[in-house]
Amino acid sequence: MAKIDAFFKLMNEQGASDLHMVAGSQPVLRVRGEMERVEYKVLEDDELKGMLYEIAPEDKVKTFEETGDVDFGYEIPGLARYRANFFRQKYGVAAVFREIPSNVLTAEQLGLPDICKKFAMLHKGLVLVTGPTGSGKSTTLAAIIDHANKNRKDHIITVEDPIEFVHKSQGCVVNHREIGAHTRSFSAALRGALREDPDIILVGEMRDLETIQLALEAAATGHLVFGTLHTTSAAKTVDRVIDVFPANQQAQIRTTLSEALKGVIAQNLFKRIDKKGRCCALEILVCTYAVGNLIRESKTHQLPSAMQTGKKLGMQTLDDAIMDLLKKGWVSPEESYDKCIDKSKFVQFLKTPPPEF
């Protein structure tokens, strides 16, 4: 057993999402969104380096020594998988580990709306899950892929950096590919995927023009593609995809996107005030004919009103989702105000409104 595994066990017992190991500091856990120090001595650089190098593959250690940054996946059988990031800082080495549960939570366990399960059953198109870092995008995507895996008879390819949730082949055949270990880059993996007879492709992160372009092409040519972006709303997601392209291509991309895009799930995590834990507010855009027209005609500012009128189709705005959680007494007015889009709707719930109101 590696020396650092004891900290992973503690992390699991405490229900922490992240473990921070930093030279010159005590270990720190992130529990329900807040940082909590572990009662342990201050970590020396050499000691921590020894603990970290014990679990890292040789090629990852070499990359870290050369560049000062590296990502990889680490697994303790029977406990969990971890997404590891090593980096250098002022006092020496440091690492952050994100726990990825061994068991994939289902759409029902997460309380996802039915429309998310419908996205899993589409035969082609692009579905984007977006939100800030640490907002639970991977967990939501894993539940959608899990629903497809159980209810379809198809081929699923996931491309991630590193592999996070591991799906056992059920109704579907599932192949997991990791950037660096199994393929050179997201774009190389996407190019290869089109020759590997996939029905569903999961792209862990749509980081650059080439990856976004290939994902759009795959969606437009009869594949169901899921991807993630770090955007905060459905409208900003559409704008971000289009803005990646050069100005002379944007009109054509609007047309392609208006036809290929099937849905956007933009989410944010909230700390619960009624009990221990966190909950999620989802903004959901379903790409109807009317929504496609708004994208094609560069009227993304009208998407929030399209979501308001499309409630029967499963659409909802982020503010409506937050208001629902607030009225249930699950989240605080302060956090609701902080993470909402239209501040004027939530200011009435604050005990001390900010000066501008």
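Restricting to strands (runs of 3 or more DSSP E) lying wholly in region 140-207: which have 2 or more residues that are touching a Lys or Arg at 6+ places or on another chain (Cβ under 7 Å), under 23 Å from Thr221 (Cα atoms) and of a type outside the set (Ser, Thr, Tyr)?
Passing ranges, in order: 155-160.
When residues of region 230-249 are filtered for being under 17 Å from Met307 (Cβ atoms), of a type in the set (S, T, N, Q) and not in a loop (DSSP other than H, G, I, E, B), how many remain?
Within region 230-249, residues that are under 17 Å from Met307 (Cβ atoms), of a type in the set (S, T, N, Q) and not in a loop (DSSP other than H, G, I, E, B) number 1.
Quick one: count up the residues across region 70-112 that are part of a loop (DSSP other than H, G, I, E, B), under 19 Å from Ala2 (Cα atoms) and aliphatic (A, V, I, L, M).
1
Just one of Gly222, Gly227 is in contact with a His (Cβ under 8 Å, 6 or more places away or on another chain), outside any helix (DSSP H, G or I) and touching a residue at least 12 places away in the same chain (Cβ under 8 Å); which is it?
Checking each option against the conditions leaves just Gly222.
Name the strands (runs of 3 or more DSSP E) wholly within region 1-53 that hold at least 2 residues that are among the hydroxyl-bearing types (Ser, Thr, Tyr)? Don't jump to the end; show me each part of the working.
Numbers: elements: 16-22, 28-31, 34-37.
Passing ranges: none, list empty.
Filtering region 89-132 down to residues that are farther than 30 Å from Glu259 by Cβ and among the small types (Gly, Ala, Ser), which residue is surrounded by the fewest Cβ atoms within 10 Å (Cβ to Cβ)?
Taking region 89-132 first, the residues farther than 30 Å from Glu259 by Cβ are 89-106, 108-109, 111.
Checking which are among the small types (Gly, Ala, Ser) leaves us with 92, 94-95, 102, 111.
Numbers: Gly92: 16, Ala94: 21, Ala95: 23, Ser102: 14, Gly111: 10.
By that ranking, first place goes to Gly111.
I need the full set of residues from region 321-353 which are part of a helix (DSSP H, G or I), loosely packed, with under 12 Cβ neighbours inside 10 Å and hydroxyl-bearing (Ser, Thr, Tyr), in order please.
Within region 321-353, Ser344 is the sole residue that qualifies.
Every residue in region 326-357 that is of a type outside the set (D, E, K, R) and in contact with a Lys or Arg (Cβ under 9 Å, 6 or more places away or on another chain), please. Before the answer, list the steps.
If we filter region 326-357 for residues that are of a type outside the set (D, E, K, R), which is where we start, we get 326, 329-333, 336-337, 340-341, 344, 346-350, 352-355, 357.
If the condition is that a residue be of a type outside the set (D, E, K, R) and in contact with a Lys or Arg (Cβ under 9 Å, 6 or more places away or on another chain), then Trp330, Val331, Ser332, Pro333, Tyr337, Pro354, Phe357 are the ones that fit.
Condition first: over 13 Å from Leu126 (Cβ atoms), among the hydroxyl-bearing types (Ser, Thr, Tyr) and surrounded by 19 or more Cβ atoms within 10 Å (Cβ to Cβ). Now tell me which residues in region 233-260 satisfy that.
The answer is Ser233, and nothing else.
Among the candidates Pro57, Pro77, Pro113, single out the residue that is outside the structural domain of Asn149 (by TED's automatic domain parsing) and in contact (Cβ under 8 Å) with a residue 12 or more places away in the chain.
Exactly one residue qualifies, and that residue is Pro57.
The values are calculated or read from the model by the stated rules, or taken from the named source; none is laboratory data. Just so it is clear, the model here is predicted, and its values are computed rather than measured. For neighbour counting, all protein chains shown are included, and Cβ atoms are generated from backbone atoms with ideal geometry for every residue, glycine included.
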